[in-house]
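Scroll down for the structure; my scribbles are underneath it.
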Protein chains: 2
Amino acid sequence: MPRWEPGARERLVLAAVDLFTEQGYDDTTVAQIAERAGVTRSTFFRHFSDKREVLVAGQESLSRLLAEGITEAPSDATPLEAVGAGLARASGAMGPHNRELGPRLQAAVAASAELQERDALKSVGMAAAMTEALVGRGVPETAAHLAAEMGVLAFKRGYARWSEGERSDDDTLAPHAADALAELVEASALLR
Amino acid sequence: MPRWEPGARERLVLAAVDLFTEQGYDDTTVAQIAERAGVTRSTFFRHFSDKREVLVAGQESLSRLLAEGITEAPSDATPLEAVGAGLARASGAMGPHNRELGPRLQAAVAASAELQERDALKSVGMAAAMTEALVGRGVPETAAHLAAEMGVLAFKRGYARWSEGERSDDDTLAPHAADALAELVEASALLR
């Protein structure tokens, strides 16, 4: 028995991602996504305006959460501590659905040049949102950009480990993302 | 009188990028690109297999040059010194055509969601090529990834300054890229 029951929106995302993997993004229709998810087309359109938005919607809220966490970090936090606060905020919003989605989204991206481009733009969007939030804290632009790129790397590495790792009820994304950031900070000392 | 006369290949790239800006990537045909460049369609196809390749060809050689410079850096070079060698190698291959292209490509990218995705994937490809070359030198994967991201940032920032700056005959990309990397290294000390 599954511990977690996805709602219609989550089922639509999983169905879309699996269909993109199986038959390609271009050849997948909204009707097919709705059918696979066991909902009607009009339910699809209550959640998303088109199949593209199935992918984009989560990305936008992720960027927003990262930026909010950075903006609301204590005023004496260093740039990397603020990035850590952004990762914590975004990680806290990631539940079983996101963990389930990880490897399946990765499979879809691996199978499609179009989804690779879209996935790359997602990273750019996350970096831009974090850079802007850091600059808003008074971090100089160059340092902000670099700290944001470290944040993107940490999020992606933490997410990958979390979603590929052993399943247990109390395993959340947050410590994986924090560990990944700490490893990057440690690595940065060895670069020169 | 222009100091630099572009050949057919360079004219095709500039014509394509300008047409993408003016009328969108999807609505631009090979015939239009050839006409704007003042060459025949068959000349286009001697240089590129389709309009997509006009954008991709330069990206692939850029990634290759970055990786070669890293691989061939002195064996006692630090990861960031090796990245600097990669930037120097790639910068050395960038001439007046690339400088001319910079702001026009940026305009095309700003005007098109599709080209934004493609441009984002270019950065991912550059980072992957540099990461692989660094790992090949024995740099641990986390440090390699971070150094590669710093290299991508440095290349993009140096390129932007070079192509937006004052035109002079002896101004090359290399010192701009090197300065941008040095600034990132300096900024990295202020992040914690």
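The values are calculated or read from the model by the stated rules, or taken from the named source; none is laboratory data. Model, not experiment: these values are computed from the prediction. Positions of Cβ are backbone-derived with ideal geometry, glycine not excepted, and every protein chain shown enters the neighbour counts. Keep in mind that these areas ignore ligands, DNA and RNA; they rest on the heavy atoms of the full protein, side chains included. Shrake-Rupley method; radii C 1.70, N 1.55, O 1.52, S 1.80 Å.
If you check every pair at least six apart or on different chains, which have Cβ atoms under 7 Å apart with a residue in the range B:86-101 that is farther than 17 Å from B:Pro74 by Cα and polar (S, T, N, Q) first and a residue that is open to solvent by 30 Å² or more (accessible area, probe 1.4 Å) and outside any helix (DSSP H, G or I) second?
B:Ser91/B:Thr172
Scanning the range A:163-192 for residues that are open to solvent by less than 10 Å² (accessible area, probe 1.4 Å) and out of contact with any Pro (no Cβ under 9 Å at 6 or more places or on another chain), which turns out nearest to the other protein chains (Cβ to nearest Cβ)?
Filtering the range A:163-192 for residues that are open to solvent by less than 10 Å² (accessible area, probe 1.4 Å) and out of contact with any Pro (no Cβ under 9 Å at 6 or more places or on another chain), the one nearest to the other protein chains (Cβ to nearest Cβ) comes out as A:Leu184.
Restricting to the range A:68-112, what's the tally of residues that are facing chain B (nearest Cβ under 10 Å) and open to solvent by 60 Å² or more (accessible area, probe 1.4 Å)?
Qualifying residue count, the range A:68-112: 1.
Look through the range A:92-102, keep the residues that are within 13 Å of A:Leu62 (Cα to Cα) and part of a helix (DSSP H, G or I), and return whichever of them is farthest from the chain's Cα centre (by Cα). Before you say what the answer is, go through the steps one by one.
To start, the set of residues in the range A:92-102 that are within 13 Å of A:Leu62 (Cα to Cα) comprises A:92-95, A:98.
Narrowing the set further to residues that are part of a helix (DSSP H, G or I) leaves A:92, A:98.
Numbers: A:Gly92: 12, A:Asn98: 8 Å.
Top of the filtered list is A:Gly92.
Here is a list of conditions, (1) open to solvent by less than 40 Å² (accessible area, probe 1.4 Å); (2) within 18 Å of the chain's Cα centre (by Cα); (3) farther than 19 Å from B:Gly158 by Cα, and B:Gln116 meets all of them except one; can you say which number that is?
It fails just one condition, (1).
B:Val56 - would you say it is within 25 Å of B:Val109 (Cβ to Cβ) and either crowded, with 20+ Cβ neighbours inside 10 Å or modelled with pLDDT of 95 or more (or both)?
Details: within 25 Å of B:Val109 (Cβ to Cβ): yes; either crowded, with 20+ Cβ neighbours inside 10 Å or modelled with pLDDT of 95 or more (or both): no.
It is false that B:Val56 is within 25 Å of B:Val109 (Cβ to Cβ) and either crowded, with 20+ Cβ neighbours inside 10 Å or modelled with pLDDT of 95 or more (or both).
Yes/no per residue for (1) out of contact with any helix residue (DSSP H, G or I) (no Cβ under 8 Å at 6 or more places or on another chain); (2) farther than 18 Å from A:Ala120 by Cβ; (3) modelled with pLDDT under 90:
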{"site": "B:Glu117", "(1), (2), (3)": "no, no, yes"}
{"site": "B:Met130", "(1), (2), (3)": "no, no, no"}
{"site": "B:Lys156", "(1), (2), (3)": "no, no, no"}
{"site": "B:Leu181", "(1), (2), (3)": "no, yes, no"}
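Of the residues B:Arg41, B:Arg64, which is of a type in the set (Lys, Arg), closer than 30 Å to B:Leu146 by Cβ and more than 14 Å from chain A (Cβ to nearest Cβ)? Lay out the reasoning, then the answer.
Values: B:Arg41 fails: closer than 30 Å to B:Leu146 by Cβ.
From the options B:Arg41, B:Arg64, the qualifying one is B:Arg64.
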